[in-house]
Each structure stands twice: as C-alpha cells, then as structure tokens.
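A short write-up of the structure that comes next.
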Amino acid sequence: MTSQRLGMSPAISAALSTKTPLLWLNPERGHSDAGSILTPGFDSAERRLQRAVKLMHALFPEADFYDGRVESPLISVPDLQRSLDMPDAAGKLFIKADHLLPVVGSVKARGGFHEVLAHAEQLAIEAGLLVPSADLVALASPEGRALFASRTISVGSTGNLGLSIGTIAAALGFRAVVHMSHEAKAWKKQELRRRGVEVVEHQGDYASAVEAGRRAAEQDGSDYFIDDEDSTLLLDGYATAASYLAVQLAAVGRTPSADKPLFVYLPCGVGGAPGGIALGLSRLFGSTVHFFFAEPVSSPCMLLKMASGGLDDVSVYDYGLDNQTQADGLAVPQASSMVAARIRAVLSGVFTVTDEQLFSGLLRAWEAEALELEPSAAAGFAGPQWITSSDAGLRYMAASSIDLACADATHLLWTTGGSMVPTRDRHEFRERARQMESQL
C-alpha cells in the first residue's frame, strides 16, 4: 500500500516505515459536530452504571470504590512534570489514574462492565426477573445466577478487556470465555483463570483472536460475543469517564474553557476506550479539549486509519511493521472503523512511541510519583513534549490560538493499567528500563 493511497506525505510515510516517532495532526478536527454522537447511549450508560452501584458492592465487597463507582482518582504530579521536562509555564500536569480502577485495574473496566450489565439486564427483563430501569442488584440473586448459568459471554482480547469482561461475567454466573492472542501477558491469563474464566489461546495476533471468538460465538446460540471493534455499548461505557472527570477537574479549578484548555494523552489500541473517552469529554466541553492518541511505532493502527480517511483494510502490516511491542494492549494491526468514523471530528492527532520510551515513562512514574504502571500505560507520557516543543506541536498550538505560555492549561496523562501487575513483573519492568537508559 502506498503513502499516496493513504493521502500521506512521504515524510510521514518514511517515519512510519522506519519506526521513527512522529506526531501526526488530524486535518479534519472541528469540521463537523461530533459531540452529540453518544446521545442517548451516553446518558443511558450513565444511568445503568448508577443503577449498578449496589450490585458492584454485592459482587465485589472487597473493592475500594470511588464514591460508590468504578472510578479512578485524578492525581497532580509535579515531580513527574519536572522529570518530563515540562515547564510550569506550559500548564499543570495531572494523571487520570485508571491503572487504579477498582476490581480490574484498567481503563477497560467502564466499557466492559457496562456491556455485560446491559446484556444481563436485558436477559433478566425478558425472563421476568427485572423491570426496566430497576436497580440492578437483583442480577446477583439466586434466580439471576441460575438464568445466566446457561449463557456464555465471550470476547477477544490481549488482556485488559478480557480481564474486565471475564471478571464481571463470571461474577454474575455466566460462562465467561476470553480468546487471547499470543502476545498477551502470562499473568493476565493466569489471573483470568483464577477468577473462573476460560482462556482460549491463539497463535495469531489480536485480530486473529477476535475473529476466532466471533466464529465460535456464531456457532453457539447461547454465546454473546462482545466485539471491541464494533460495539456502541462498550463505547458508551468508556464515555462515562467524562462526567466523573468533569467533577474532579472542577474541584481543582480546571474546568476546560477557551482560557483553560485541556490536553488529554490517551494510549490507543483498537480505539474503543480512548475513542469513548474523547467523545464523552467532547460532548461536555467541545473544542476546549484536545485529544492526542499514543501508539507504539510498531502498531500505529489508528494513525493509519485516520490518515487514510477510514480505509477499511489498512493495516500496520502494509508498512512492513511487525506489530510487536511490549505494550501488549496496544498491539493491534487494524483500528476500529466504527470508532475512527465517530472521532474524526474531535481527534487532534496521534503520536508514536518506541518501547524504550514506554519503559522510560514507566520508570519515571515510579521514581517521581511511586506509580506502578505497565508499559502500555506510559504511552502518553511523550505527549506534552510533542505538543509544546515539536514543530508539529507548535503549529497545532498556533492554529488553535493557544499561547505556549498558558499556565492555566491542563495536561492529562491517562494511565490505562498496572496496579494488578505481579510484584515480580513490576521489578522486571523497572530493571529493564534502567538497563535501557544505561545503554543510551
């Protein structure tokens, strides 16, 4: 596939092919109003998760919920800001700590939980166990578990989505099946099995695991397959992060506005979680929020999807890239066409990072703020430098009429997983990062 077919400059094409980090800017941002796309799904997801508060406590009594919700803290990280060489004049750095989300410790919790709950609620209504809009705690009743025991919920995943869906599905009494690609971390497979989830391993990549899961579900009428590439229920669940973040930003005096722009840096795999978050925040704050997705240099699938204008068959393999990265959750060859179409008007750009940058960010987060992350969760850490220091970033700031010396700007690194990583693996991550830095 040629760069001309993708409508991409030779310089961008060369950087992609040689795995050179780059920042691509979306020329279609702001060309249409995408902020209302999630209505009414966004609102119904909000209401459904609110009706599930008692259920969550019943299913996971040991979990540390935030205000009764599956939510995460907003953390000011001044030491990390200094470590990343981001000047105070450029704004203030925060972390939206989804690596601390209750129960499953990753950004996938909101979307995965929401779709399973939506499916369980529908089954219970059809069986006469629940009336529409009722509190969902009844799903945990003996009658509910008996109903779900004859049903299967399945998903294809590299790890975190499978952990989210498998955990809540099994807790409700469903047969839970996760189809996993070979690059998925061994500890995630072990944790799923410990929670009563059936793990089916495949030799291919993420896309192969998803396709295998789809085929298996088609052959079993009781199998409800959750498709990360094409699910509005997942997307709406992810988008609910926006309302709680809005409350958190208001509490620290940083509600986004023209004078207080918000820059959000989101690790991106197939696109569902970052896409949902971007749409949710756009719906609340419009163009005052600027979204940049972060992808590995070996797996820039959303960049290619967006730069191609949504070309369905564009893949990282078209550029000779191997889709091999330590950011297992981001090792995706093709981005979601559904998500790409919805975020086209709100996404600001995509930047790519090397595995060395992932481990460097992971180590800095630990040394500066004692944050325990997995490599993919540090993908966004290069964002502030790209926006405030690179030629492409400076062009974006000028085109957006944002002063570089905007101390009221908020820069938000969205961490996506890490708190559940075994202690041994955490130590190995940090040691590998130190070895990489010593060789520079």
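To keep it simple, each residue is scored yes or no on (1) closer than 22 Å to Tyr244 by Cβ; (2) part of a helix (DSSP H, G or I); (3) of a type in the set (Asp, Glu).
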site	(1), (2), (3)
Met56	yes, yes, no
Ala63	yes, no, no
Glu71	yes, no, yes
Ile75	yes, no, no
Arg82	no, yes, no
Asp85	no, no, yes
Ala89	no, yes, no
Ile95	yes, no, no
Exercise. Which ones in the range 3-26 are within 22 Å of Arg344 (Cβ to Cβ) and either exposed (fewer than 11 other Cβ atoms within 10 Å of the Cβ) or at pLDDT below 90 (or both)?
Worked result: Ser3, Gln4, Arg5, Leu6, Gly7, Met8, Ser9, Ile12, Ser13
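Given the condition assigned to a helix (DSSP H, G or I) and at pLDDT below 95, answer yes or no: does some residue in the range 140-160 qualify?
yes
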Exercise. Does the range 387-440 hold any residues that are touching a helix residue (DSSP H, G or I) at 6+ places or on another chain (Cβ under 9 Å), acidic (Asp, Glu) and either free of Cβ contacts under 8 Å to residues at least 24 places away in the same chain or assigned to a loop (DSSP other than H, G, I, E, B) (or both), and which are they?
Worked result: Asp403
For this session: Could you check Val316 against (1) surrounded by fewer than 19 Cβ atoms within 10 Å (Cβ to Cβ); (2) without any contact (Cβ under 8 Å) to a residue 40 or more places away in the chain and say which number it fails?
Result: (1)
Exercise. Which one is nearest to the chain's Cα centre (by Cα), of the residues in the range 133-158 that are under 27 Å from Ala216 (Cβ atoms), surrounded by fewer than 23 Cβ atoms within 10 Å (Cβ to Cβ) and of a type in the set (S, T, N, Q)?
Worked result: Thr152
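So that you can scan it fast, the table gives a plain yes or no per residue for (1) modelled with pLDDT of 95 or more; (2) in contact with a helix residue (DSSP H, G or I) (Cβ under 8 Å, 6 or more places away or on another chain); (3) under 30 Å from Leu404 (Cβ atoms); (4) surrounded by fewer than 17 Cβ atoms within 10 Å (Cβ to Cβ):
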residue: Leu55; (1), (2), (3), (4): yes, yes, no, no
residue: Leu59; (1), (2), (3), (4): yes, yes, no, no
residue: Glu62; (1), (2), (3), (4): no, no, no, yes
residue: Arg69; (1), (2), (3), (4): no, yes, no, no
residue: Pro73; (1), (2), (3), (4): yes, yes, yes, yes
residue: Ser76; (1), (2), (3), (4): yes, no, yes, yes
residue: Ser83; (1), (2), (3), (4): yes, yes, yes, no
Exercise. Has the range 178-186 got at least one residue that is in a helix (DSSP H, G or I) and at pLDDT below 95?
Worked result: yes
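The values are calculated or read from the model by the stated rules, or taken from the named source; none is laboratory data. All values reported here derive from a predicted model rather than from experimental measurement. With ideal geometry, Cβ positions are generated from the backbone for all residues, glycine too; neighbour counts draw on all protein chains shown.
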